[in-house]
Amino acid sequence: MYQIQRFHSFLWASGGNYSDFYIHVIDHLCWMKDAWPEKAQAVGGRHYRKSPEGIEYIDQNFDSYAVEYTYADGTKFFFDGRCMDGCQGRYASYLHGTKGSAIVSKAGDIGQPSSIYKTQSMKRRT
């Protein structure tokens, strides 16, 4: 019953942070590329075992993830995610290419309008 009531915390019930939240960013970028990656290398870590109140977490989630996806044409897609109290909250997608950079989604799955830049710095020229 404990795990069912806290299903987001257990991989058998929900897949955890990765499949609950991060998978949407990955889907969007793969749809833009019109391809799915053929290879993935990843690391994850658990940084916090207790809540700020001192209560021990009983779950299976990592606090941070990093994945390097590789497509058939050699293109790389780097995904970084963290779900940690006290850290800057950001849920956005960024692209870097040979002709510039872009912010695909500024805030969530269907965030503010995209922005395209002619440089890698993602700053508007004045």
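The values are calculated or read from the model by the stated rules, or taken from the named source; none is laboratory data. Just so you know, these numbers come straight off a predicted model, no measurement behind them. Here the Cβ is made from the backbone with ideal geometry for all residues, glycine too, and neighbour counts use every protein chain on show. These accessible areas exclude ligands, DNA and RNA; they are computed on the full protein's heavy atoms, side chains included. Shrake-Rupley method; radii C 1.70, N 1.55, O 1.52, S 1.80 Å.
Please label the shape of the stretch 26-126 as rounded, prolate or oblate, based on the square roots a ≥ b ≥ c of the eigenvalues of the alpha-carbon gyration tensor (a/c under 1.5 means rounded; beyond that, a/b larger than b/c means prolate, else oblate). The partial results should precede the final answer.
Details: a/c = 2.62, a/b = 1.54, b/c = 1.70.
Verdict is oblate for the stretch 26-126.
Hand me the tally of lysine pairs in the chain: alpha carbons under 29 angstrom apart, and the pair either on different chains or 8 or more positions apart.
Counting lysine pairs in the chain gives 16.
Can you bin the stretch 6-73 into rounded, prolate or oblate? Criterion: square roots of the alpha carbon gyration tensor eigenvalues sorted a ≥ b ≥ c, rounded for a/c under 1.5, prolate for a/b above b/c, oblate for the rest.
Working: a/c = 3.15, a/b = 2.26, b/c = 1.40.
Since a/c reaches 1.5 and a/b is larger than b/c, the shape of the stretch 6-73 is classed as prolate.
Let me check against my output: what whole-number percent is the relative contact order of the chain, with C-alpha pairs under 8 Å and at least 6 apart?
Values: 177 pairs, mean separation 20.2, N = 126.
Over the chain, the number comes to 16 percent.
Please compute the per residue accessible area over the chain with all protein chains in place, 1.4 Å probe, rounded to a whole number of Å². List each step's numbers first, then the result.
Working: 9010 Å² over 126 residues.
Heavy-atom accessible area per residue stands at 71 Å².
Using only Cα atoms and rounding to the nearest 10 degrees, what angle (0 to 90) does helix 23-33 make with the longest principal axis of the chain?
Here the helix axis deviates by roughly 20 degrees.
Just by accessible area at a 1.4 angstrom probe, what is the order of LYS99, LYS33 from largest to smallest?
LYS99, LYS33
Taking the full set of protein chains and a 1.4 angstrom probe, give the accessible area of LYS50 in square angstrom, rounded to the nearest 10.
Answer for LYS50: close to 120 Å² accessible.
I'd like the accessible area for ILE58, computed on protein heavy atoms only with a 1.4 Å probe and all protein chains in place. Round to 10 Å², please.
100 Å²
Only four residue types carry charge here, +1 at the Cβ of Lys and Arg and -1 at the Cβ of Asp and Glu. Report the dipole size of the chain about the Cα centre in Debye, rounded to the nearest 20. Could the numbers behind the result be given before it?
Details: 15 positive and 13 negative charges, 146 e Å.
Charge dipole of the chain: 700 debye, to the nearest 20.
Within the accessible area of the chain, what % is carbon and sulfur when the probe is 1.4 Å and the other protein chains stay in place?
Values: 5010 of 9010 Å².
The value for the chain is 56 percent carbon and sulfur by accessible area.
If we count every other residue with Cβ under 9 angstrom of TYR69's Cβ, Lys/Arg +1 and Asp/Glu -1, where does the sum land?
Numbers: positive: LYS39, LYS76; negative: GLU38, GLU68.
Charge balance near TYR69 sits at 0.
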